[in-house]
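Here's the structure, in structure tokens; my notes come after.
Taken together, the values in this text are just the output of simple stated rules run on the coordinates, not laboratory data. Source: prediction; values computed, not measured. Here the Cβ is made from the backbone with ideal geometry for all residues, glycine too, and neighbour counts use every protein chain on show.
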């Protein structure tokens, strides 16, 4: 094991968590008309708290960047000011205040990285409209063994019709991603991306190249699909509960799950 891997395990390396929260949540209107989706309540916390709390426990994550838009910047700033988290949390905004001019998740990721970019830094990327109870430490186990590869969190929805709503992934026997397609009409598998990614800093140039080519910047899965054709990108399957909170129906399902009595 290299010196750098030992450094990551004992907490001496550089990994930055980036939470993408620059969407306007229009499919959740009126709930998100004046409140960002990530700050909607789930149980006695916000959706964002369910992402930050496990990050607090990961020694390899040194700081957290939340990328939002201009409309909701103050909401996140106020949330951070009132929070009790110990790791540095930086709120960045992309300069957009109306949905029609949104940058797209891929461009927002680039902006988030470049807002505080450091040498020899890797990135744990989380989409803010997710709820899951799979330990992030388990996702990072293969990352620590292979820090120069990309990784994607996956979930088996076990239904091809359900899979058409998400980014669908095919993997080989080594769990390497061999195909990634956003919302296909005829899915090749029922494994879907859960909006959790690891991008080594050494591959950041692939992100820059992708955007410089004028390719679609809206869905991060389009970039991951491109990356998997040029580089080693592997899937890590999540188990337990997962909710992609993109509608009022899915939001209510997540609330019901969290409010259900324990067995």
Cα-derived Rg to Rh of the range 152-212, Kirkwood definition: 1.03
Relative intensity, log₁₀ I(q)/I(0), of the chain from a Debye sum that treats every alpha carbon as a point, q = 0.07, 0.09, 0.10 Å⁻¹: -0.22, -0.38, -0.47
Cα convex hull of the range 177-263, projected area averaged across orientations, nm²: 7.9
Rounded to 5, the percent of DSSP beta bridges in the chain classed as antiparallel: 50
Calculated diffusion of the range 90-212, Stokes-Einstein form, Kirkwood radius summed over Cα pairs, 20 °C and 1.002 mPa s, µm²/s: 133
The range 24-127: Rg to Rh, with Rh as the Kirkwood radius over Cα pairs: 0.95
Mean-position separation - Cα centroids, the range 98-115 and the range 176-236, in angstrom: 16
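Return the calculated 222 nm mean residue ellipticity for the chain, to the nearest 500 deg cm²/dmol, obtained by summing -39500 (n - 2.57) across DSSP H runs with n ≥ 4 and dividing by the residue count.
Details: 9 runs with 84 residues, N = 263.
Computed ellipticity for the chain at 222 nm equals -9000 deg cm²/dmol.
If we sort 29-42, 128-141 on the protection proxy, mean other Cβ atoms within 10 Å, highest first, what's the order? Show your work: numbers first, answer last.
Values: 29-42: 17.1, 128-141: 18.8.
Final packing ranking: 128-141, 29-42.
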Two-site label geometry, residue 33 and residue 185: point separation in nm, points 7 Å out along Cα→Cβ: 3.6
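Looking at the range 136-258, send over the antiparallel percent of its DSSP beta bridges, to the nearest 5.
Numbers: 13 of 18 bridges.
Roughly 70 percent of the beta bridges in the range 136-258 run antiparallel, per DSSP.
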